[in-house]
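The next block holds one structure in the form of structure tokens; read it before the comments.
No lab work stands behind these numbers, since they all come straight from the coordinates. Since the structure is predicted, the reported quantities are computational estimates derived from the model, not experimental observations. Because the Cβ atoms are built from the backbone with ideal geometry, glycine has one as well, and the counts that use them run over all protein chains shown.
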């Protein structure tokens, strides 16, 4: 399992394609506060709930200067369908090789329905404008997570 990141750690840089296959890098977001969340699979119940909750909170988050980005192993075409179906307006990035997921400690062993499996560990990071981890949340639940982030961010 990958090493877990802690507040104060430099957020690992990445360049991943979005739902339109356009590259997005963390470096290009320097100077902004970023919520980077990792989810297992587009168009599944939990991931849909979490993403729709982020979309619903987007106006307040953006007003507070926070940029939201979602990352999953899904291909850009699936992310585009997910974006359209759910009306998502923030970037969804594709990490099929799971390199970025692993660099954030968001991929590894986890329990799924009582069984030990290897896969995406639902995780969220708040990254400060200098590119450092402000907060790291691992093994989060899809329901209620965005509300918790909003409380922690005072948004």
| query | Highest mean first, what order results for 92-103, 3-14 on Cβ atoms within 10 Å? | reply | 92-103, 3-14
| request: Provide the gained length on full extension for the span residue 118 to residue 132, in nm with one decimal, where the gain is 0.36 nm per separating residue minus the Cα-Cα distance. | output: 2.3 nm
| said: Below 8 Å between Cα atoms, with a sequence gap of 6+, how large is the relative contact order for the range 15-144 in percent? | reply: 32 percent
| said: Let me make sure I get this right: for the chain, a, b and c are the square roots of the gyration tensor eigenvalues over alpha carbons, sorted descending. Under 1.5 in a/c it's rounded, otherwise prolate if a/b > b/c, else oblate. Which is it? | reply: rounded
| Top of 63, 106, 75 by mean-square fluctuation, Gaussian network on the chain, Cα under 10 Å | 63
| Quick one: Cα centre-to-centre distance for the range 16-31 and the range 89-122, in angstrom? | 18 Å
| message | Run the helix sum for the chain: -39,500 (n - 2.57) per DSSP H stretch of 4+ residues, divided by residue count, reported at 222 nm to the nearest 500 deg cm²/dmol. | response | -8500 deg cm²/dmol
| task | Please find, in a Gaussian network model of the chain (springs between Cα atoms separated by less than 10 Å), the residue of 117, 34, 68 whose mean-square fluctuation is greatest. | result | 117
| Looking at the chain, what % of its DSSP beta bridges pair antiparallel, to the nearest 5? | 70 percent
